[in-house]
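*Asks:* The following block contains the structure, expressed as structure tokens.
The values are calculated or read from the model by the stated rules, or taken from the named source; none is laboratory data. Here the structure is a predicted model, which means the values were calculated and not measured. Counting neighbours? That spans all protein chains shown, and the Cβs are built from the backbone with ideal geometry, glycine included. For the accessible areas, the whole protein counts, side chains as well, though only heavy atoms, and no ligand, DNA or RNA atoms are used. Shrake-Rupley method; radii C 1.70, N 1.55, O 1.52, S 1.80 Å.
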Protein chains: 2
Amino acid sequence: MENTEALTAHRIDPDAPEQDDIDTYRLLAEDIASGAAVVATRRYGRDIAATVTGFLDVSYDPPTMLVSLYGDGRIGEAVSESEGWTLSLLNGDHRGIANWLASPANPVHGLLSQVPFRRAPVSGAAVIEGAISWFDLRTTAVHEVATHLVVVGEVVAMGTTDDSVGSNDPLIHFSREYRHLRR
Amino acid sequence: MENTEALTAHRIDPDAPEQDDIDTYRLLAEDIASGAAVVATRRYGRDIAATVTGFLDVSYDPPTMLVSLYGDGRIGEAVSESEGWTLSLLNGDHRGIANWLASPANPVHGLLSQVPFRRAPVSGAAVIEGAISWFDLRTTAVHEVATHLVVVGEVVAMGTTDDSVGSNDPLIHFSREYRHLRR
């Protein structure tokens, strides 16, 4: 049922985007709703973790996921150079943890000292207590995409944390805020 | 704040996943909440479109997104072989369209005959009327990931449809259902 009236469009030359193009894109891309998760790995015996919204279930045969991380950041370097990492799907009570692990100013030391977690069985990376579901992954590919690294991994272990069975309240990110689903 | 108690984990050998591993993964992966969108392209002058939840904003410099599509499906073939495609972010009133375009049995002919749409300015692919935001993309890379193709594209045009300005009601997919955000 085509309407032939032209759309009002903001055009971009991707080879030379201007600041106004980037600002407009960021505003429109805020309309992408997504679950919030924590990605974590270990490096030199230290825990590294960050809140992410850019992750996907890709395939179930074999179970395969991906996460998109800024290439020049601590977490992007750590995950893309690691052999193993975790994703913990956050629930509606995890807003404080989500904010803490999204802060660019959070410390390298003691990052998880106030965050309840256990360790995933294969990678040893952190699994956030209360995660709706968690996945322990082994990296199979890293793709450079503009400023980001898309890290692909196969699931080697997975589960729910005990207190999350039947949870129906994922933490959702939309329009720069954390939100809940309507019941 | 590490709890050293072991997690109850379902382990997988990704080189030889068994049906039980796949079933368990699919159940846990249902806990990934995501916005719903329609990906569309044109092929041999015909419109091809499907509901997707596996898409991401990757980078804003230049504005870059990706979509994950089953490699052997009509939409996966069409988008990965196309030069241009669109993403339309669905709103809460789009549930009927989301169900229609998610059905594997929908027809090749007349797929959009009951779906109001306009055409994106560069690719000419469909933009769903009422989309919260829409993006017109030019493919820059296609990555094979297990059973799927991850198609990466740069944004060449974007916008909102007139009646969607200020919409605060994205259509969310969670646990095999379409849901709304709590206000």
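*Asks:* Just for the range B:148-174: of the residues that are open to solvent by 50 Å² or more (accessible area, probe 1.4 Å) and either in a helix (DSSP H, G or I) or facing chain A (nearest Cβ under 8 Å) (or both), which one is modelled with the highest pLDDT?
*Replies:* Per the stated criteria, the residue is B:Asn168.
*Asks:* Can I ask one more? B:Ser133: small (Gly, Ala, Ser) and within 26 Å of A:Asn3 (Cα to Cα), yes or no?
*Replies:* Yes, satisfied.
*Asks:* With the condition kept exactly as written, say whether any residue in the range A:54-71 is free of Cβ contacts under 8 Å to residues at least 12 places away in the same chain, open to solvent by 40 Å² or more (accessible area, probe 1.4 Å) and over 30 Å from B:Asp47 (Cα atoms).
*Replies:* no
*Asks:* Any idea how many residues of the range A:80-108 are open to solvent by less than 20 Å² (accessible area, probe 1.4 Å) and not small (Gly, Ala, Ser)?
*Replies:* 8
*Asks:* Turning to a different aspect of this structure: Could you grab me the full set of residues in the range B:1-42 that are open to solvent by 60 Å² or more (accessible area, probe 1.4 Å) and in contact with a helix residue (DSSP H, G or I) (Cβ under 6 Å, 6 or more places away or on another chain)?
*Replies:* Residues satisfying the conditions do not exist here.
*Asks:* Follow-up. Can you tell me which residues in the range B:25-41 are facing chain A (nearest Cβ under 7 Å) and either at pLDDT 95 or above or over 26 Å from B:Pro170 (Cα atoms) (or both)?
*Replies:* B:Tyr25, B:Arg26, B:Leu28, B:Ala29, B:Ile32, B:Ala33, B:Ser34, B:Gly35 - these are the residues of the range B:25-41 that are facing chain A (nearest Cβ under 7 Å) and either at pLDDT 95 or above or over 26 Å from B:Pro170 (Cα atoms) (or both).
*Asks:* Inside the range B:50-74, can you point out the residues that are more than 12 Å from chain A (Cβ to nearest Cβ) and at pLDDT 95 or above?
*Replies:* The answer is B:Ala50, B:Thr51.
*Asks:* Based on this model, can you work out whether A:Val122 counts as out of contact with any His (no Cβ under 8 Å at 6 or more places or on another chain), within 19 Å of A:Asp57 (Cα to Cα), more than 7 Å from chain B (Cβ to nearest Cβ) and surrounded by fewer than 24 Cβ atoms within 10 Å (Cβ to Cβ)?
*Replies:* The answer is no for A:Val122.
*Asks:* Now for a separate question. Could you tell me whether A:Glu77 is within 12 Å of chain B (Cβ to nearest Cβ), buried (at least 16 other Cβ atoms within 10 Å of the Cβ) and of a type in the set (Asp, Glu)?
*Replies:* Here the answer is no, as A:Glu77 does not meet what is asked.
*Asks:* Another one. Can you pull out the residues in the range B:130-147 that are open to solvent by 10 Å² or more (accessible area, probe 1.4 Å) and in contact (Cβ under 8 Å) with a residue 40 or more places away in the chain?
*Replies:* Passing the criteria: B:Arg138, B:Thr139, B:Thr140, B:Val142, B:Glu144, B:Thr147.
*Asks:* Kindly indicate whether any position in the range B:88-105 is within 30 Å of A:Gly71 (Cα to Cα) and within 8 Å of another protein chain (Cβ to nearest Cβ).
*Replies:* yes
*Asks:* From the list A:Glu5, A:Glu18, pick out the single residue that is within 11 Å of chain B (Cβ to nearest Cβ), modelled with pLDDT under 95 and more than 15 Å from the chain's Cα centre (by Cα).
*Replies:* Testing whether each residue is within 11 Å of chain B (Cβ to nearest Cβ), modelled with pLDDT under 95 and more than 15 Å from the chain's Cα centre (by Cα) leaves just A:Glu5.
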